[in-house]
Structures are given as C-alpha cells and as structure tokens.
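Visitor: To start, I am sharing the structure in question, which I have written as structure tokens.
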Amino acid sequence: MKELFRVDDRVILITGASRGIGFAMAEALAEYGAHVILNARDENALREKVRALTERNLKATYQVFDVNDFEAGKNALRRIVGEFGHLYGLINNAGIQFRSPILDFSNEDFELVLRTNLTSCFSLSREAIRLMKNNGGGRIINTVSMLGPQARPTVPAYISAKEGLRALTRALAVEVGADGILVNAIAPGYIATELNTALLEDQEFSEWVISKTPLARWGQSHELGGGAVFLMSDAGSFVSGQVLSIDGGMSIQV
Ligand code: GCO
C-alpha cells in the first residue's frame, strides 16, 4: 500500500515554488521520491530553496522564468525534457493578488491578475501537454482557491481568475484524458503564507477566517503537500477534472 503514494523519479515542475504553498508542494513531492523543479522569478531564493532540499538528499533543481513570459516558460520546459528526457508533472501554482475596492480597481491590474493567474496556466499547460503526450501521459495540478464559487469584496480579479482556472481544469481534463494526462485542481482555504501577510496581521479579518472555518484556524503551507502527492501518485490514477479542497472545511460552512 505504501508504494501507492510514491512518485519516484517523476520529473515535476512547480511554478511559484520559492516560498509558501508552491515550495510546500515541491518539498512533499521530493520527500516521496520525485525530482522536483522549482520555478520562480527570484534566482537567489530558488537557489536557497533547492539547497534546502538537496542537503536532505532530495532531488531538486530550478528553472528561473516569469510565468507571464510565455516563450520563457516554453523554453524552460524544453530544457527540462532535454536534461531529464521527460516531463511527468506540472503544478501551475504561481499567482498574484491585488486587493482594492472595485471603483479603484484598474483595467490594467485586472488584466495582470487574469494573465498571471489564468492565461499563463493555459499557456504552460498547453506546452506541457505537448511534451506529456510524447511520454505516455502525465499529471497537471492547478492551484485554484476556495474563492471562486465563494466570494468576498475587494478581490474581483483574483476570484474571476481562480474560478476560470477551475473551468480550465475541466476543459483540459476532457481534452487530454485519452492521452493519459490527468488534470486536477487544489483549492486552498486561508493559508498562513506571505501572500496573506496583510490579512494575518488584520486581527478582525483573521478572527473572521477562524470563525468561518470548522477547524477554527488558518492552514499551514505544509498541509497542502499531501494533496499534491496524492494527485501526482498512483493513488490518484483515476482522478481527473476534480477540485480537492484543502481549507479546514471553510467552503462548506454558512
Ligand atoms: C484574500 C486571500 C485569499 C486566499 C485564498 C483563499 O485576499 O481573500 O488572498 O485569496 O489567498 O485564495 O482561498
């Protein structure tokens, strides 16, 4: 049974992996045998995170690119296949957040969030699928959000993008399943990451999160790792087009 969750030697690219949820997913996958490739824009941060994994004899390297530079992402995938011979998995985790009342929310900011949190996932997934098809299949996980089906004020672009990413997950799953490519999403709740520092420091907001969460606490990044291992492993071999909520139950509490 324990082999069910191994991902030995599966080459998996995780975007936005220099910190938070992305690094937590990469660390968990590496602990279960994967060769993880961490992506971010900050090479120094990536070098430090990869060193933290390789010092534990885990298999990790990095690729520096901005997910909004679609050609750079395509070239990074080519380098990965050139170096490792194949690409098994992609986790589209990189994302940004803008919070502002809608009347102050510019078109430019809205478009930047949609490009970063949705369009870049489409572009990188298309190029990854091109490679996975030649390798007998693979896995894609999109980091969506509890927000999407649920909403709150001041984050219209993020909600729109993450709901769109749920839809893209289904759109890809139906199109590439016959190629042995499984596409799913993980929907974090409120996790104590740098993206949410402003919210964690807002006592009223933080207490609201705790009151609306059955587990009565914020989540921790490492609590997202198990879901990534499940969906990248043989344990998830018949799961596609699905959203795995890792939110302490918040999405189901009125
Ligand atoms: C916010 C937060 C959320 C969380 C998470 C909740 O401003 O409400 O940034 O978007 O990050 O996505 O599921």
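Visitor: Scanning the chain for helices, which whole DSSP H stretches are 15 Å or more long along the axis (Cα) and average 0.5 or more by Kyte-Doolittle?
Guide: TM-like helix candidates: 20-31.
Visitor: Kirkwood hydrodynamic radius, the chain, all distinct C-alpha pairs: what's the number in Å?
Guide: 18.3 Å
Visitor: On the accessible surface of the chain, probed at 1.4 Å, how many percent belong to carbon and sulfur atoms?
Guide: Here carbon and sulfur together make up 52 percent of the probe-accessible area.
Visitor: Still on this structure: For the residue pair Ser211 and Glu43, what label-to-label distance in nm results when each label sits 7 Å from Cα along the Cα-to-beta-carbon direction?
Guide: Going by the 7 Å Cα→Cβ label model, 4.9 nm.
Visitor: Next up: With the contact rule set at Cα under 8 Å and sequence spacing of 6 or more, what percent relative contact order holds for the chain?
Guide: 21 percent
Visitor: Probe radius 1.4 Å, ligands and nucleic acids left out: which of Trp208, Trp218 has the largest accessible area, and how do the rest follow?
Guide: Largest to smallest exposure gives the sequence Trp208, Trp218.
Visitor: Report ³J(HN,Hα) in whole Hz for each residue of the stretch 138-145, in order, from the Karplus equation J = 6.51 cos²θ - 1.76 cosθ + 1.60 where θ = phi - 60°; Gly and Pro get x.
Guide: Per-residue couplings from phi come out as x, 9, 10, 10, 9, 7, 9, 6 Hz.
Visitor: Using only alpha carbon positions, build the gyration tensor of the stretch 21-160, then give the equivalent ellipsoid semi-axes as the square roots of 5 times its eigenvalues, largest first, whole angstrom.
Guide: Equivalent ellipsoid of the stretch 21-160: 29, 17, 14 Å, largest first.
Visitor: Keeping every protein chain present and rolling a 1.4 Å probe, give me the accessible area per residue for the chain in Å².
Guide: 47 Å²
Visitor: For the stretch 6-115, what relative contact order do you get, as a whole percent, if you take Cα pairs closer than 8 Å and at least 6 residues apart?
Guide: In percent, rounded to a whole number, it is 29.
Visitor: Tell me which residues come under 5 Å, amide H to amide H, from Ile91 once H is placed; ignore anything under 5 positions away on its chain.
Guide: Hits under the 5 Å cutoff: Leu13, Ile14, Thr15, Ile141.
Visitor: While we're here: In the stretch 186-254, which GluC sites (Glu not before Pro) fall in coil by DSSP and have 13 or fewer other Cβ atoms within 10 Å?
Guide: Glu201
Visitor: Quick one: if you stick a label point 7 Å off each Cα along the C-beta vector at Ser100 and Asp66, how many nm between them?
Guide: Going by the 7 Å Cα→Cβ label model, 1.8 nm.
Visitor: Using alpha-carbon pairs under 8 Å, 6+ residues apart, how would you state the relative contact order of the stretch 143-183 in percent?
Guide: Relative contact order here is 34 percent.
The values are calculated or read from the model by the stated rules, or taken from the named source; none is laboratory data. Just so you know, these numbers come straight off a predicted model, no measurement behind them. Glycine gets a Cβ as well: all are built from the backbone with ideal geometry, and neighbour counts include every protein chain shown. Each accessible area value is taken on the protein alone, full model and side chains, heavy atoms only, with ligands, DNA and RNA left out. Shrake-Rupley method; radii C 1.70, N 1.55, O 1.52, S 1.80 Å.
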